[in-house]
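These notes concern the structure reproduced below.
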Amino acid sequence: MLKQPPKLSVILPVYNAGSFLIEAIESILHQTFKDFECIIINDGSTDDSAKVIASFRDPRIRVISQANQGLRSSLNVGLREATGTFIARMDQDDISLPNRFEKQIAFLETHPDHVLVGTTYAYIDERGKITGVFPALLDNEDVKRELYTKSPFGHGTVMFRAAALKQGGYTYSQEAVNVEDYEFWLRFSDAGKY
């Protein structure tokens, strides 16, 4: 019998992640929503990132190792490999709250006109102390207005519909150095509501 694709694909690019990677991966594996694959793209790390990744034995983790090609290329590999109905982004130095996926999927399933959702997020220091909070915008018009001047989302907080992405042929631009997320949101906003 063929295995059903997961509801969610999580894309996690890794390059010399250092001491943050363990907590990042654990925060994915401890989500209340369980039907996901976690695609980790090890982009030619020269530290112990590969060893850290290999220490996790969860069957939901799929590792792709490649020579260093940069973040935008790694993200596009993840988009190509994703098999889920929804795609979530995760950064190597971020921690997701346990109910993040559950809440985002519930929102997208009850709001079929929305193609992307983000979350409120906080910056934390090396000791885990919160140093700043950035509330999510809750209205599509506010999000689109914010897009005129800056990114309204933390890249590692977003989840979007795979069908909208694939239908429009959206990928991360190789030319959008250091603004790959913002440039992507600008184009992807044509696909539906945020």
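The values are calculated or read from the model by the stated rules, or taken from the named source; none is laboratory data. Note that the structure is predicted; figures quoted are calculated from it, not measured. As a convention, Cβ positions derive from the backbone with ideal geometry for all residues, glycine included, and neighbour counts pool all protein chains shown. Side chains are part of the model used for accessible areas, which takes the heavy atoms of the whole protein and leaves out ligands, DNA and RNA. Shrake-Rupley method; radii C 1.70, N 1.55, O 1.52, S 1.80 Å.
Counted as qualifying within the range 5-120 are the helices (runs of 4 or more DSSP H) with 3 or more residues that are without any contact (Cβ under 8 Å) to a residue 40 or more places away in the chain, over 12 Å from the mean Cα position of the chain (by Cα) and within 26 Å of LEU147 (Cβ to Cβ), namely 100-110. In the range 59-99, which residues are within 19 Å of VAL177 (Cα to Cα) and either touching a Leu at 6+ places or on another chain (Cβ under 6 Å) or open to solvent by less than 30 Å² (accessible area, probe 1.4 Å) (or both)? Once the filter is applied, which keeps residues that are within 19 Å of VAL177 (Cα to Cα) and either touching a Leu at 6+ places or on another chain (Cβ under 6 Å) or open to solvent by less than 30 Å² (accessible area, probe 1.4 Å) (or both), the range 59-99 yields GLY70, SER73, SER74, LEU75, ASN76, VAL77, GLY78, LEU79, ARG89, MET90, GLN92.
Of all the listed residues (LEU108, LEU116), the sole one being farther than 20 Å from SER27 by Cα and either modelled with pLDDT under 90 or in contact with a helix residue (DSSP H, G or I) (Cβ under 8 Å, 6 or more places away or on another chain) (or both) is LEU116. The conditions of being aromatic (Phe, Trp, Tyr), open to solvent by 10 Å² or more (accessible area, probe 1.4 Å), out of contact with any Leu (no Cβ under 8 Å at 6 or more places or on another chain) and within 22 Å of MET159 (Cα to Cα) are met by PHE20.
Would you confirm, using the coordinates I've provided, whether GLY192 is farther than 18 Å from ARG89 by Cα, open to solvent by less than 40 Å² (accessible area, probe 1.4 Å) and in contact (Cβ under 8 Å) with a residue 60 or more places away in the chain? Considered against the rule, which asks whether it is farther than 18 Å from ARG89 by Cα, open to solvent by less than 40 Å² (accessible area, probe 1.4 Å) and in contact (Cβ under 8 Å) with a residue 60 or more places away in the chain, GLY192 comes out as yes. Within the range 104-163, track down each residue that is β-branched (Val, Ile, Thr), out of contact with any strand residue (DSSP E or B) (no Cβ under 7 Å at 6 or more places or on another chain), closer than 25 Å to LEU71 by Cβ and surrounded by fewer than 17 Cβ atoms within 10 Å (Cβ to Cβ). The answer is THR149, and nothing else.
In the range 8-17, the count of residues that are more than 30 Å from GLU175 (Cα to Cα) and either modelled with pLDDT of 95 or more or buried (at least 17 other Cβ atoms within 10 Å of the Cβ) (or both) is zero. Total residues in the range 120-148 satisfying the condition of being β-branched (Val, Ile, Thr) and in contact with a Lys or Arg (Cβ under 9 Å, 6 or more places away or on another chain): the figure is 1.
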